[in-house]
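What follows is a short report on a single structure.
The values are calculated or read from the model by the stated rules, or taken from the named source; none is laboratory data. Bear in mind the structure is a predicted one, so any value in this text is a computation, not a measurement. Positions of Cβ are backbone-derived with ideal geometry, glycine not excepted, and every protein chain shown enters the neighbour counts. Accessible surface is based on the protein model in full, side chains and every heavy atom, while ligands, DNA and RNA are left aside. Shrake-Rupley method; radii C 1.70, N 1.55, O 1.52, S 1.80 Å.
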Amino acid sequence: QLKREPCDSEAILPLADLMADAGYPRESAKSLTSFAGRCGSSVELLEPAYDSLVRLGDFKGAIGVANQLIKLSPAIPDYRYWRGEAYESLKDYKAALSDYISTLQLFKNLRNVSVKQYYAISRMYAEIGRPCDAITPLEMYLRYDVATRQTAQIAQLISEWATQGNCRASH
């Protein structure tokens, strides 16, 4: 079908799914990104390509796909978060930190944001040797509802980073 109609978007997704399911995730990702380059990008094509590349541990390739996703839909927080995860996997903690902060900035109501988002920022600050700054995102998360959000794990992380950095923690 794709031979006859090379830009048939309804044919490429099932083919890519079959390739990935058959154990060819790289070929699936390559087909999707090639198709997107030839026939026009869409998030429907690039999201499974990203997933396949991450599955393979091809984080540089995943970053390239995430860049395309961000270009297509710059207001979708997930795409910056995904790119941040890929950067983190490559141990490029400063780039990951930037993406994690950008992700948080895209949310309209920070009260509804998962602890996972705040923790990612904290981890990156700790990785780049700024333990006092690592405390701030978690404290920000707690401020929205200390009574229900305060956990022993969060308290322990904050305490450890405060000790490492010889800084004050308010929670």
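A few notes on this one:
- All conditions in (1) in a loop (DSSP other than H, G, I, E, B); (2) without any contact (Cβ under 8 Å) to a residue 12 or more places away in the chain; (3) on the phi < 0 side of the Ramachandran plot; (4) open to solvent by less than 60 Å² (accessible area, probe 1.4 Å) hold for Pro74, with the sole exception of (4).
- Restricted to the stretch 112-132, and to residues there that are assigned to a helix (DSSP H, G or I) and over 17 Å from Gly84 (Cβ atoms), the residue that is modelled with the lowest pLDDT is Asn112.
- Some residue of the stretch 84-94 being over 20 Å from Pro137 (Cα atoms), assigned to a helix (DSSP H, G or I) and more than 13 Å from the chain's Cα centre (by Cα): no
- Some residue of the stretch 44-52 being in contact (Cβ under 8 Å) with a residue 12 or more places away in the chain and outside any helix (DSSP H, G or I): no
- Among residues of the stretch 133-150 that are modelled with pLDDT of 90 or more, those with a beta-carbon under 8 Å from a residue that is of a type in the set (S, T, N, Q) and in a helix (DSSP H, G or I) at least six positions away or on a different chain give the pairs Ala134/Ser122; Ile135/Ser122; Thr136/Ser122; Pro137/Ser122; Leu138/Ser122.
- Neighbours by Cβ (under 7 Å, 6+ apart or cross-chain): first from the stretch 20-42, at negative phi; second buried (at least 18 other Cβ atoms within 10 Å of the Cβ) and part of a loop (DSSP other than H, G, I, E, B): none
- Boolean, Phe59 is of a type in the set (Phe, Trp, Tyr) and farther than 27 Å from Met124 by Cβ: no
- Checking each residue in the stretch 119-171 for being open to solvent by 60 Å² or more (accessible area, probe 1.4 Å) and among the hydroxyl-bearing types (Ser, Thr, Tyr) picks out Tyr119, Thr136, Tyr144, Thr148, Ser159, Thr163, Ser170.
- Residue among Glu27, Glu47 that is acidic (Asp, Glu) and either within 24 Å of Val113 (Cα to Cα) or touching a strand residue (DSSP E or B) at 6+ places or on another chain (Cβ under 7 Å) (or both): Glu47
- Of the candidates Lys3, Lys94, Lys108, the single residue that is modelled with pLDDT of 95 or more and open to solvent by 70 Å² or more (accessible area, probe 1.4 Å) is Lys94.
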